[in-house]
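Heads up, the thing below is written out as structure tokens.
The values are calculated or read from the model by the stated rules, or taken from the named source; none is laboratory data. Please read these numbers as outputs of a predicted model, since none were measured by experiment. Cβ placement follows ideal geometry from the backbone for every residue including glycine, while neighbour counts extend to all protein chains displayed. All accessible areas refer to the heavy atoms of the entire protein, side chains included, with ligands and DNA or RNA removed. Shrake-Rupley method; radii C 1.70, N 1.55, O 1.52, S 1.80 Å.
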Amino acid sequence: LRGELPRGTRHTYAQQTFERLRHLDLEKGESFFAVPLNVGFQELAEPILVSKGTTAACPLRPSDFFSPMVKFNATYAVAVHNHPTGRSAPSDDDIFLTQRLIWAGDLVGVPLYDHIIIGGGSFTSLRSTEFLGELWERPIPDDFVRLFVEAPDGMNEREFSNETARLRDISNAEGVKA
């Protein structure tokens, strides 16, 4: 289910995405975009703004990210966001969110192809990063499936935050930290 571009194409796509969205380097706050792709890895629409944040964070629920993907009948999705701090290196929160988006994409049938972070005149493709590429190989835990399915109706915001924090601890214990 998790997509693979032809050999050598992944870095080219991330580079091209960076070139098109490098203006995000000038933003004062974080902006998070979703890019819907078809089966041939062609963009179905311009990058879609799915969340706007502060200088240090950009809250995003997987449902907010994948809603436009379903609307465009995407085969794959790419996440792109900026770091106004000037560093394109992923934070622990970025890694955790990427893992959640990978799992959620598998559940909704629109696999996350990559997460690209723009900052300081450069970019980081989490999929192409040797250590973080393993995120795409991790199985979906049963707890995540329950949280993903039940959270909108079965939990209040505090319970959802507590459960998300517990899943983060599990992920960190299994070596997902940078």
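Side notes on the structure shown:
- Test: residue in the stretch 85-101 that is β-branched (V, I, T), closer than 23 Å to E19 by Cβ and at pLDDT 90 or above: yes
- Flag set for F41, criterion: part of a loop (DSSP other than H, G, I, E, B), among the hydrophobic types (A, V, I, L, M, F, W, C) and under 18 Å from T12 (Cα atoms).
- Condition met for L24 (crowded, with 19+ Cβ neighbours inside 10 Å and over 15 Å from the mean Cα position of the chain (by Cα)): yes
- R22 meets all of the listed conditions (1) farther than 17 Å from S125 by Cα; (2) assigned to a helix (DSSP H, G or I) but one, namely (1).
- D93 open to solvent by 50 Å² or more (accessible area, probe 1.4 Å) and not in a loop (DSSP other than H, G, I, E, B): yes
- Residue that is most open to solvent (accessible area, probe 1.4 Å), among those in the stretch 70-81 that are within 20 Å of Q99 (Cα to Cα) and without any contact (Cβ under 8 Å) to a residue 60 or more places away in the chain: V70
- If you go through the stretch 113-139 and keep only what is among the hydroxyl-bearing types (S, T, Y), over 11 Å from the mean Cα position of the chain (by Cα) and assigned to a strand (DSSP E or B), you end up with S122, T124.
- The condition (being at pLDDT 90 or above, open to solvent by 20 Å² or more (accessible area, probe 1.4 Å) and either on the phi < 0 side of the Ramachandran plot or part of a helix (DSSP H, G or I) (or both)) is satisfied by just one residue among S51, S67: S67.
- Per the conditions (1) among the β-branched types (V, I, T); (2) touching a helix residue (DSSP H, G or I) at 6+ places or on another chain (Cβ under 9 Å); (3) open to solvent by 10 Å² or more (accessible area, probe 1.4 Å), the sole criterion not satisfied by T85 is (2).
- Meets criteria (open to solvent by less than 10 Å² (accessible area, probe 1.4 Å), under 26 Å from E137 (Cβ atoms) and among the charged types (D, E, K, R)) for D114: yes
- Close pairs (8 angstrom Cβ cut-off, 6 or more residues apart or separate chains): at pLDDT 85 or above in the stretch 17-35, of a type in the set (A, V, I, L, M) and open to solvent by 60 Å² or more (accessible area, probe 1.4 Å) anywhere: E30/A56; S31/L49; F32/L49; F33/L49
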